Structures are given as C-alpha cells and as structure tokens.
Amino acid sequence: MGSRRRITVALVGLVLLVLAGWLIRDAGTDASAPVPLSSLPPEATATWRLIERGGPFPYPANDGKTFANRERRLPDRAPDHYREYTVPTPGSQDRGARRLITGAGSELFYTADHYATFVTVDPTR
C-alpha cells in the first residue's frame, strides 16, 4: 500500500473514530429531560419559592426582568417571554453566575454558568 493511501485510510479511520465517540457520548443523555428542582443547589429551590410568592428578591433591580436570550440557548420566543432571577452563590461578592429563567408558558430553566448552558427544570420534583 502506498504512502498516500495509508495516510488517507488513517484519516478516514480517525474521522470515523471521532464520529463514533461523539454519537456514543450523546446517546446516553437526553438534554431535553427535565431535572428535578431538588437536584439543584438549595439556593435554586429558595429562589423558586420567591418566584412563586412574587418576591421580595435579593436583587430587585435585576430579578424578574426580561431575559433577552441573546445567546440563543433557549427556544426562540417573543422578546418578553423569558424572565431571569438570581440564584445566590454562597461566598460570591456579586450576583454570581447562577440563574433561574422562567418562561411565559410555565417553562423553567437553570444555568450555573451565566447562560453558557441550561437545563430544563421540573419544579414539582
């Protein structure tokens, strides 16, 4: 087998290996399956209770305000569909990175990394 052919076969094999790894990794997870609220940090449950009561919130200038979804990580909705709420981070000198995002259609999302990733939350569990 010639040198070029060996390189081609090796590259195709590498691509197939990477693709297989990616498919196997994603096969075991369902990103759309809601996580129980009880599995999140306890501050998330406390924030959810405040949302249900209508406040008062620890950051009134920010909590309950429109979340614009600029990162496009959540489903595309009307501009005023989402609201964001701070989930306090113990030891943080500011609001920290954790948020609960509510949707007008009763959706609930949590981010621990300031909107880089989200999980759907089931507040009944």
| remark: Picking from G2, G13, G55, G21, the residue that is in the same structural domain as P90 (by TED's automatic domain parsing) and either modelled with pLDDT under 95 or in contact with a helix residue (DSSP H, G or I) (Cβ under 6 Å, 6 or more places away or on another chain) (or both) would be G55
| task | Could you please give the count of residues in the stretch 104-125 that are surrounded by fewer than 18 Cβ atoms within 10 Å (Cβ to Cβ) and outside any loop (DSSP other than H, G, I, E, B)? | result | 3
| field | Close pairs (7 angstrom Cβ cut-off, 6 or more residues apart or separate chains): without any contact (Cβ under 8 Å) to a residue 60 or more places away in the chain in the stretch 95-108, exposed (fewer than 15 other Cβ atoms within 10 Å of the Cβ) and assigned to a loop (DSSP other than H, G, I, E, B) anywhere | value | R95/Y59; R95/N62; A97/D113; A97/H114; G103/R77
| Counting only residues that are in contact with a strand residue (DSSP E or B) (Cβ under 7 Å, 6 or more places away or on another chain) and surrounded by fewer than 18 Cβ atoms within 10 Å (Cβ to Cβ), which one in the stretch 82-102 is farthest from A44 (Cα to Cα)? | R83
| said: Of all residues being surrounded by 14 or more Cβ atoms within 10 Å (Cβ to Cβ) and closer than 19 Å to T120 by Cα in the stretch 46-58, which is farthest from the chain's Cα centre (by Cα)? Just the residue, please. | reply: L50
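So which of R83, R73 is of a type in the set (K, R) and at pLDDT 95 or above?
Numbers: R73 fails: at pLDDT 95 or above.
None of the others qualify; the one that does is R83.
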| Got a sec? Which of A68, A61 is over 19 Å from the mean Cα position of the chain (by Cα) and not β-branched (V, I, T)? | A61
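The values are calculated or read from the model by the stated rules, or taken from the named source; none is laboratory data. Keep in mind it's a predicted model, so treat the numbers as computed, not measured. Glycine gets a Cβ as well: all are built from the backbone with ideal geometry, and neighbour counts include every protein chain shown.
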